[in-house]
1. Applying a 10 Å radius around every beta-carbon, put 36-42, 128-134, 148-154 in order of their mean neighbour count, most first.
2. Taking a label point 7 Å from the Cα of residue 229 along the Cα→Cβ vector, which residues of region 251-293 have an amide N closer than 15 Å to it?
3. Calculated from DSSP H runs of 4 or more alone, at -39500 (n - 2.57) each and per residue, what is the 222 nm mean residue ellipticity of the chain, nearest 500?
4. Which of these, 108, 210, 65, has the largest mean-square fluctuation under a Gaussian network model of the chain (Cα springs below 10 Å)?
5. Say each of residue 293 and residue 121 gets a label point 7 Å from the Cα, pointing the same way as Cα to Cβ; how far apart are those two points in nm?
6. May I ask for the distance between the Cα centers of region 21-75 and region 250-293, given as a whole number of Å?
7. How far apart, in nm, are two points set 7 Å out from the Cα along the Cα-to-Cβ line at residue 164 and at residue 133?
8. Using Cα pairs under 8 angstrom and six or more residues apart, how large is the relative contact order of region 2-292, in percent?
């Protein structure tokens, strides 16, 4: 009798232990999403970085971004539906704070798209007038700035870009792995990093071997030294012109060549518009897959 009770007790105890283990809480952590234009958006680019001796600085770098989503390998998702218009020239901006995430690896996704009725202005760096401008034109980027070259002068520019794309399956720029790892009882940082220098690249579809150039931009300006999208549209990639309307040559006297890669762009405006699309990365230089919305 005692043996049978003892055996039953052991069975009950084992079942209780197994049940207790099955119901134990999953280790969780948090993710803070931020956005940065790094030093480029805030401080500009000095002349030694440009193949043609120009320097560039932004006075405004507006970006409409949001729809931040984390996805696990099992398909579980955690999302922050917030969409904001921010000015990265003024500094980094907080985007999202997701809690209760199972510790482990998560894929990262977000969208760069024009503002809508629910777009927020998270701080005073962006005015209601700025929001109205980009929304009425369907822009997700609005950039203003100036470029300088010794002996040539100061040129000003303002451009709007109607990018409408989702970035997903991002590689982590810190270690080259997929997405981010949420630590147990701690917080992971997911930084959407914008490389503002993309618009001055002379190659599309690669970061290798690119040079930054501004002379083709400046050559389209009128007497007021203002550069516009309409002006860039007159600059033909197969017949690039210099400041005096002459053939545009590099420092070695060779024709300047822009390489469009697989893209069928023909003008400098089309080239720059395409280069802007994939300038948003994860944690520095982590490349994301880009799909249209």
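Nothing in this text is a laboratory measurement; each read-out follows from the coordinates by a stated rule. Worth saying up front: this structure is predicted, and the values here are computed from it rather than measured. In this analysis, Cβ positions are derived from the backbone assuming ideal geometry, glycine residues included, and neighbour counts consider all displayed protein chains.
1. Output ranking for 36-42, 128-134, 148-154: 36-42, 128-134, 148-154.
2. Hits in region 251-293 for residue 229 at 15 Å: 267-277.
3. Result for the chain: -5500 deg cm²/dmol, rounded to the nearest 500.
4. Judging by the Gaussian network model, the answer is 210.
5. Here the answer is 2.0 nm between the modelled labels.
6. 19
7. A separation of 2.2 nm, rounded to one decimal place.
8. 21
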